[in-house]
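Dropping a structure here in structure tokens format, bear with me for questions.
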Amino acid sequence: MEIFCSLGRKALLQGKACQNSLAVAKQVSCRTFLTGTCRSQQLSSNSRANPGRPGCLPRTPCGSFFESFYTGSFLPHRLLSDARSNVPPSAEFVARPVGVCSMFKLPIQNSAEGLDVAFVGVPLDTGTSNRPGARFGPRHIRAESSLMRLFNPSTGADPYHSLVAADIGDVNVNLYNLKDSCRRIREAFQKIVTQGCVPLTLGGDHTITYPILQAMAEKHGPVGLVHVDAHTDTGDKALGEKIYHGTPFRRCVDEGLLDCKRVVQIGIRGSSYTQDPYKYCRDQGFRVVLAEDCWMKSLVPLMAEVRKQMGDKPVYISFDIDGIDPAYAPGTGTPEIAGLTPSQALEIIRGCQGLNIVGGDLVEVAPMYDASGNTALLGANLLFEMLCALPQVKRT
Ligand SMILES: [Mn+2]
């Protein structure tokens, strides 16, 4: 089995000489390594000491050493081309199916320590009202994300040379108790934001955004919200239960987690149980943008207005994949016809560039209704766009 590992890079990040990296690697006699298990504390402490160059260690003189070492099939491309940050390997050197499945083939670590951005999965779907399956969303989004590359030539974004990102795995949700899951999610995200890290989350059904926003508001105060969805998710209760994927934003309002004048909901549509299903949202001060008001239009002008609405205060992006038309994203639990297009989704997320984005999620991918994998692939792309839209990211 051809392999690659991160041991040499770990040694490098710990400040040891390149020769030590070689020694470490040589000590490992087995040729079956895991990919991406390095930690980034050293890198980050350097990043914080040099805020002008986030995520950057001084370039080492040993690129050619690693390059020649790589030809022995030991090291990932990120060691060859850039030992300064968590840059995923290029498919020029590491085939896409190679390696433990992590988001964007980033390193995996078990906490957000030292990171600017953490990808985190929340494999919960016990809050779904219709088709279940979003518990498998994070795994499939990660699998499809191996197609994603390093740069975003459309926006000029260079995320991996701007910040330190990693995949920190999944929240250990309790599939038998939704309230306990919410507690676990809240506590997990409290830790992430306490460490000064921006979470980008792979859902999971939309219930998860409620405990995530509890943690976000504890850190930032009430946040603005760019919410893309077919549904407002502001129901009060169902079957007597106040927590499920139809109520997260009502619960957020109840607890003062949202800056309601800075909430926009885009892509809303579908049949309802009342004649005026959007009254609650508008009464709170939300801007509700119906799907039919988006049909056949560029959303660039809308997003210019949204940026004004959001100002420079903290904003969270919550993207429910069912905001997109089910022709493009069939793998979801509560599909509604006549939704947004993928290009409109790009306009929305790219339109958030310049905002003070403090976190984001991509929820409701349910892979079993998605024979092609396109829904998860779309989800992975939209998370990449969120990464590229973060304020720390350099653009050319
Ligand atoms: Mn939703």
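The values are calculated or read from the model by the stated rules, or taken from the named source; none is laboratory data. Just so it is clear, the structure is predicted and the values come from calculations on it, not from any experiment. Neighbour counts are summed over all protein chains in view; Cβ atoms, including those assigned to glycine, are modelled from backbone coordinates with ideal geometry.
State whether the residues of the stretch 318-329 include one that is free of Cβ contacts under 8 Å to residues at least 60 places away in the same chain, of a type outside the set (K, R), under 25 Å from A165 (Cβ atoms) and surrounded by fewer than 24 Cβ atoms within 10 Å (Cβ to Cβ).
Within the stretch 318-329, not a single residue is free of Cβ contacts under 8 Å to residues at least 60 places away in the same chain, of a type outside the set (K, R), under 25 Å from A165 (Cβ atoms) and surrounded by fewer than 24 Cβ atoms within 10 Å (Cβ to Cβ).
Let me ask something else. Would you mind telling me which numbered condition in (1) more than 16 Å from the ligand (Cβ to nearest atom); (2) in contact (Cβ under 8 Å) with a residue 40 or more places away in the chain S343 fails?
(2)
Within the bounds of the stretch 331-350, is there any residue that is hydrophobic (A, V, I, L, M, F, W, C), surrounded by 24 or more Cβ atoms within 10 Å (Cβ to Cβ) and within 19 Å of A165 (Cβ to Cβ)?
Looking for residues that are hydrophobic (A, V, I, L, M, F, W, C), surrounded by 24 or more Cβ atoms within 10 Å (Cβ to Cβ) and within 19 Å of A165 (Cβ to Cβ), one finds at least one in the stretch 331-350, hence yes.
Can R139 be described as modelled with pLDDT of 95 or more, surrounded by fewer than 19 Cβ atoms within 10 Å (Cβ to Cβ) and over 19 Å from I108 (Cα atoms)? Don't jump to the end; show me each part of the working.
Values: modelled with pLDDT of 95 or more: yes; surrounded by fewer than 19 Cβ atoms within 10 Å (Cβ to Cβ): yes; over 19 Å from I108 (Cα atoms): no.
For R139, the condition - modelled with pLDDT of 95 or more, surrounded by fewer than 19 Cβ atoms within 10 Å (Cβ to Cβ) and over 19 Å from I108 (Cα atoms) - is not met.
So which residues in the stretch 346-378 are out of contact with any Gly (no Cβ under 7 Å at 6 or more places or on another chain), assigned to a helix (DSSP H, G or I) and within 16 Å of the ligand (Cβ to nearest atom), if there are any at all?
We begin by selecting, within the stretch 346-378, every residue out of contact with any Gly (no Cβ under 7 Å at 6 or more places or on another chain); these are 346-360, 371-374, 377-378.
This time we only want the ones that are assigned to a helix (DSSP H, G or I), so: 346-350, 374, 377-378.
Of everything in the stretch 346-378, those that are out of contact with any Gly (no Cβ under 7 Å at 6 or more places or on another chain), assigned to a helix (DSSP H, G or I) and within 16 Å of the ligand (Cβ to nearest atom) turn out to be I348, L378.
L115: assigned to a loop (DSSP other than H, G, I, E, B), touching a strand residue (DSSP E or B) at 6+ places or on another chain (Cβ under 6 Å) and either modelled with pLDDT of 95 or more or in the same structural domain as N381 (by TED's automatic domain parsing) (or both), yes or no? Please lay out each step first, then the result.
Working: assigned to a loop (DSSP other than H, G, I, E, B): yes; touching a strand residue (DSSP E or B) at 6+ places or on another chain (Cβ under 6 Å): yes; either modelled with pLDDT of 95 or more or in the same structural domain as N381 (by TED's automatic domain parsing) (or both): yes.
Taking the combined requirement at face value, the residue satisfies it.
Cβ contacts < 8 Å: first residue free of Cβ contacts under 8 Å to residues at least 24 places away in the same chain, restricted to the stretch 359-381; second residue assigned to a strand (DSSP E or B) and crowded, with 24+ Cβ neighbours inside 10 Å, any location; separation 6+ or different chain. Result?
none
Helices (runs of 4 or more DSSP H) wholly in the stretch 171-278 with at least 2 residues that are of a type in the set (V, I, T) and within 16 Å of the ligand (Cβ to nearest atom) - which ones?
Values: elements: 178-194, 209-220, 248-254.
It comes to 209-220.
With respect to Y273, determine if the residue is closer than 27 Å to M216 by Cβ and in the same structural domain as V228 (by TED's automatic domain parsing). Spell out how you get there, then give the answer.
Details: closer than 27 Å to M216 by Cβ: no; in the same structural domain as V228 (by TED's automatic domain parsing): yes.
The answer is no for Y273.
I'd like to verify a number: residues in the stretch 301-325 that are assigned to a helix (DSSP H, G or I), away from the ligand (no atom under 16 Å from the Cβ) and touching a Gly at 6+ places or on another chain (Cβ under 9 Å), how many? Before the answer, list the steps.
Residues of the stretch 301-325 assigned to a helix (DSSP H, G or I): 301-310, 321-323.
Remaining after also requiring away from the ligand (no atom under 16 Å from the Cβ): 301-310.
Narrowing further to those that are touching a Gly at 6+ places or on another chain (Cβ under 9 Å): 302-304, 306-307, 309-310.
Selection size over the stretch 301-325: 7.
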